[in-house]
Amino acid sequence: MIRHIVFFTAKPENLDAVVEGLQLLGEIPHSEHFEVTRNDKVDLFANDIDVIVYAEFADEAALAAYKAHPLYAEATRRVRPLRELRYAADFKAQEKARVPNGGRSGKVADFSGSSARPNNNLEQFAVSEKR
């Protein structure tokens, strides 16, 4: 499974239009899971991100088909002039992940077959992209 996370910043007066434009992406049929949401901004250190797109894809081919879909180009056309920054990350989901104590115990949690999700640290894979 490929996880696709995109963070956006925008001026307050553009936020509704950015969210609306990004919601078009949810009509693309290639994702297993898709959501667009506003950041709750409850982090103690930084609350710069305004909008998040989170999607899951069966494989790289499904992600590529999603990005090649005409609605992806339309959403980009609508959102690009309204947003300020865009940070994107695509990564393969891990079936096994370290226990969320920094891995000090050396234990490995097995998330396969479970509804639990590993506690992924976004700093490990965040890639800045300005398009």
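Quick one: F8, F34, F91, fewest Cβ neighbours within 10 Å first, how do they rank?
F91, F34, F8
So for the range 2-94, considering every pair of alpha-carbon atoms, how many percent are separated by more than 22 Å?
26
What list of ³J(HN,Hα) couplings, whole Hz, do you get for the range 31-37 from phi and the Karplus terms 6.51, -1.76, 1.60, once you set θ to phi - 60° and write x for glycine and proline?
Going residue by residue, I get 8, 7, 8, 8, 8, 10, 8 Hz, with x marking Gly and Pro.
Throughout, read-outs are computed from the coordinates displayed, never taken from laboratory work. What you are looking at is a predicted structure, and each value in this text was computed from that prediction instead of being measured. Don't worry about glycine lacking a Cβ; one is built from the backbone with ideal geometry, like all the others, and counts go over all protein chains shown.
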